Each structure stands twice: as structure tokens, then as C-alpha cells.
Amino acid sequence: MKNFDLKAWVRPNIWALKPYSSARDEFSGDEGVFLDANENPFGRKNRYPDPHQRALKKALSERNHIPVENIFIGNGSDEVIDLVYRIFCEPAKDRVIICPPTYGMYEVSANIHNVEVVRVPLTDSFEMNIDEILAHPAQCLFVCSPNNPSGNRLQNVERLLEEFQGIVIVDEAYIDFCAERSFTELLPQYPNLIVMQTFSKAWALASARVGIAYASAEIIALMDKTKPPYNVSRFNQEEALKALSKPEKHAYRVATILRERALLEKELQRLPVVKHIYPSDANFLLVEVTDADAIYHYLVSQKVIVRNRHSVVRNCIRITVGTAEENKILLQALRDYGNGNENL
């Protein structure tokens, strides 16, 4: 988008906001007698974490060749979503666009902030209706790609970046499992673009709650001054840094998941209870079955937990790709169900 005036899209109170200045903003060194933050002088966990996650941002910058000033670290991607509403959306006035079926927190966060949601459903092939989206003025547009729960990489996002008058948030939580490039490469071209990524999926750190936003330096500065001062704990920052220091381990895990995804899809196609498997660019498969509710409850009784998505995609369950052994247990349970053994 050319001639993008960021200030016109930001809430005036946020634009004028003077951020909280913590003790660690005023001094960032590692050595000294620290008597500035009212911390307990005893113990090994007594110090506040770096509020700006400098070491983690530097590591991400070096890995992805993105300047530090274009990186925000959040308490999971959900904090990034929350900040988008805080920064760009006036409660009871503005609205955002989502394209269901998609990640549910976009709408939940809108409801929390009293922001109207315009739903432009994906097509039957789980692609965006671009013309319909562009027909609705809105502050923000959330694009989940690869999409959850369908698993596919969405097409024509660049057209939206060119033509949508507002902030475009591209959620790339599953980008590591996708062969196509990240939209972070387009950040210099589109000042209205925010790209979200996470350590929860491919980096195997869901419990650490470390999310990432990549955007213009101006948008990142707004996020930095709007977030709580110590939003990501030292321990979670350290776990993310540790993961980044082992790229071979990350690559091996991703390759293993992709291999298991292909094997799982092949075996699922042989089962009579499976009607259709949607193409996936993520670490899960959306599977249409004969009776999603019944199959879900049967699998639970066998201590195999999948996600019942019947409420958003008729008769579909979402299956996360597990280890080879976990996938075998799932397949055997589905065979037992299909053979009429569910009542044994």
C-alpha cells in the first residue's frame, strides 16, 4: 500500500501514550549492585527479565535477516492479537474482518474489546473471497495462512496488501511446515502489514508462550510502548534462545513431522470412516469423516484426543501429526471403530 499514513489508523490515545518506564529501561547492564527495582536481593530468580528481549530479538534478527527494530516479542501470539485491537481499534466504533473458519482468538479478542466483527467466510475450497473482503471498510483484516483449521496456505494475500485500506495481519503460526515463502519478505513494501509467528508449533515451545510480530519499525514501537513492561519471563526468553541455538534439531523435527503427515494421510485414506482429507501446509490434517461427533467421543474413550471441528466444518475432525507411535495408535483406534468394535 502506497502513501500509508499510520497515524490515521492508530487510536489517538495510543499515539499520544507515554509508556511506563521500568527500572530495566533506565539501566540494562548485567553487572552491578542492583538497588533500583525493589527486587528481593535473595535467590536465583529474583531479578526482572529484560523488558525488550534484546538477546532474543538479536538471535531472530540474525536467523531471519530482519532488523531488530522490526521485531516484537509477545506472551504468545494472543498478546500480539490483543495489542492489535488496543492500538488500532476504538471500542464500540471500529470493526475488523475475519474469514471463518479460522483461528478463534481473532473474534474472542474483538469481543473483549467491544469491536464489531465482519465475517467473510472462506469459499468451499477454503480460499478468501477477495472482492467481498474489499467491499467492507474495516480497521484490520486477519489472515491465517496456513489456515487453522483447514491447513491450507491462502492465495491472493498480496492483492489484499495492495488494495485493503487498513492493517493486514498475516498469522503464520504454521509457516515452518509450508514450502512457500514467509510474508516477512514483503515487509519493506507494505507498511500496513503485520506478520505473526510463534515458538509454539515448529519450535516445540507451546508451554513457553513466546509469540513474534514482524512489522514496520513504527508499528513495533507502538506495540512496545503499549505492552506490559515485563510481558515475557526470563525463563521463556531463555528457552526460545536455546531452541534457536539448535537449528539442526528444529530442521529434523520439522522434516519428521512432514514425513509423518504424508504417511498419516496415506493411511487415513484407506479407512472407510474417512470421506475426505483436505490438503495441508501445516502440522495437522482436517479430515471429513462419517460421523465426527461419534468418532470424536469414541477416540476420547480410547484416550486418543483429536479436535472435533464439526461445529465449524461439517463432520470434520482435526488431527495433529504426532510421533510415529502416536499416529499408529490413532489409526488402530479408527480401524476398530470402522470395524464395528466401538462397543467392545
(request) Within segment 82-138, track down each residue that is among the acidic types (D, E) and over 20 Å from the mean Cα position of the chain (by Cα). (result) E90, D94, E116, D124, D131, E132
(request) Find all pairs meeting these conditions: Cβ atoms under 6 angstrom apart; at least six residues apart or on different chains; first residue within segment 85-103 and under 22 Å from A221 (Cα atoms); second residue part of a loop (DSSP other than H, G, I, E, B) and among the charged types (D, E, K, R). (result) E90/R11
(request) Starting from segment 150-175, keep only residues that are assigned by TED's automatic domain parsing to the domain that holds L122, then list their pairs with residues that are acidic (D, E) and assigned to a loop (DSSP other than H, G, I, E, B) whose Cβ atoms are within a distance under 7 Å, requiring at least 6 positions of separation or different chains. (result) G151/D281; N152/D281; R153/E180; R153/D281; L154/E127; Q155/E127; Y174/D281
(message) Can you name every one of the helices (runs of 4 or more DSSP H) wholly within segment 9-81 that holds 1 or more residues which are modelled with pLDDT under 95, more than 29 Å from L193 (Cα to Cα) and over 26 Å from the mean Cα position of the chain (by Cα)?
(response) 23-26
(message) Show me the helices (runs of 4 or more DSSP H) entirely contained within segment 230-322 in which 2 or more residues are closer than 30 Å to N339 by Cα and modelled with pLDDT of 95 or more.
(response) 247-268, 292-301
(message) Just to check your reading of the model, which residue among L334, L285 is in contact with a strand residue (DSSP E or B) (Cβ under 9 Å, 6 or more places away or on another chain) and over 18 Å from P149 (Cβ atoms)?
(response) L334
(request) Among the residues of segment 8-36, write down those that are under 29 Å from Q189 (Cβ atoms) and surrounded by 10 or more Cβ atoms within 10 Å (Cβ to Cβ). (result) W9, V10, R11, I14, W15, L17, P19
(request) Take the residues in segment 330-344 that are hydrophobic (A, V, I, L, M, F, W, C) and more than 22 Å from A255 (Cβ to Cβ), then tell me which one is modelled with the lowest pLDDT. (result) L344
(message) Among the residues of segment 246-257, what is the count of those that are in contact (Cβ under 8 Å) with a residue 12 or more places away in the chain and either assigned by TED's automatic domain parsing to the domain that holds C178 or surrounded by fewer than 18 Cβ atoms within 10 Å (Cβ to Cβ) (or both)?
(response) 4
(request) Filter segment 311-323 for residues that are over 13 Å from K275 (Cβ atoms) and either in contact with a Lys or Arg (Cβ under 9 Å, 6 or more places away or on another chain) or surrounded by 14 or more Cβ atoms within 10 Å (Cβ to Cβ) (or both) and give the result. (result) V312, R318, I319, T320, V321, G322
(message) Can you go through Y48, Y85, Y20 and tell me which one is within 19 Å of E239 (Cα to Cα) and either touching a helix residue (DSSP H, G or I) at 6+ places or on another chain (Cβ under 7 Å) or in the same structural domain as N236 (by TED's automatic domain parsing) (or both)?
(response) Y48
(message) Residue under question is S233, and the condition is that it be within 22 Å of the chain's Cα centre (by Cα), of a type in the set (G, A, S) and within 26 Å of R86 (Cβ to Cβ); does it hold?
(response) yes
(request) Would you mind finding the one in G29, G43, G76 that is in contact with a Gly (Cβ under 7 Å, 6 or more places away or on another chain), under 17 Å from R234 (Cα atoms) and assigned by TED's automatic domain parsing to the domain that holds V232? (result) G76
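The values are calculated or read from the model by the stated rules, or taken from the named source; none is laboratory data. As the structure is a computational prediction, the values presented were derived from the model and not from experiment. Cβ coordinates were reconstructed from backbone atoms using ideal geometry, including for glycine residues, and neighbour counts include every protein chain displayed.
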